[in-house]
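Let me begin by presenting the structure, written as structure tokens, before commenting on it.
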Amino acid sequence: MSLNHSKGRLIGLSRELLRTWQDTQETWRDVKSREFDSTYMQPMFDAVDHAAAAIEDLDKLLHRLREDCER
């Protein structure tokens, strides 16, 4: 499995979870919902964004390493 495939899967699953969470928030609208969102959901979505950026950086680095090794 390539890094780009893994990144795409991670982003896709994160978007699916975000849609489901947004649907849940339409019926669960109290203090605990907001607390859950700020404690768990938002940090997780932020972590996914950082992970996707790191995966992209790693993919670029591996591409350069492959090119250097082929010379």
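Given N residues in the chain, what is Rg(Cα) / (2.2 N^0.38 Å)? It would help to have the intermediate numbers written out before the result.
On the way: Rg = 17.2 Å, N = 71, 2.2 N^0.38 = 11.1 Å.
For the chain, the normalised Cα radius of gyration comes out at 1.55.
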Query raised in the report: Given labels modelled 7 Å from the Cα in the Cβ direction, how far is it in nm from Ala51 to Gln22?
Result: 2.1 nm
Report summary line: Highest GNM mean-square fluctuation among Glu56, Glu16, Glu26, for the chain with Cα springs under 10 Å, belongs to Glu26
Report summary line: Placing +1 on each Lys and Arg Cβ and -1 on each Asp and Glu Cβ in the chain, then taking the dipole about the Cα centre, the residue among Ser33, Phe45, Leu13 whose Cα reaches farthest towards the positive end is Leu13
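Return the calculated 222 nm mean residue ellipticity for the chain, to the nearest 500 deg cm²/dmol, obtained by summing -39500 (n - 2.57) across DSSP H runs with n ≥ 4 and dividing by the residue count. Before the final figure, lay out the partial values.
Numbers: 3 runs with 60 residues, N = 71.
After summing the helix terms and dividing by residue count, I get -29000 deg cm²/dmol.
Any read-out appearing in this document is the output of simple, stated calculations on the displayed coordinates, not a laboratory observation. All values derive from a computational prediction rather than experimental measurement. Neighbour counts are summed over all protein chains in view; Cβ atoms, including those assigned to glycine, are modelled from backbone coordinates with ideal geometry.
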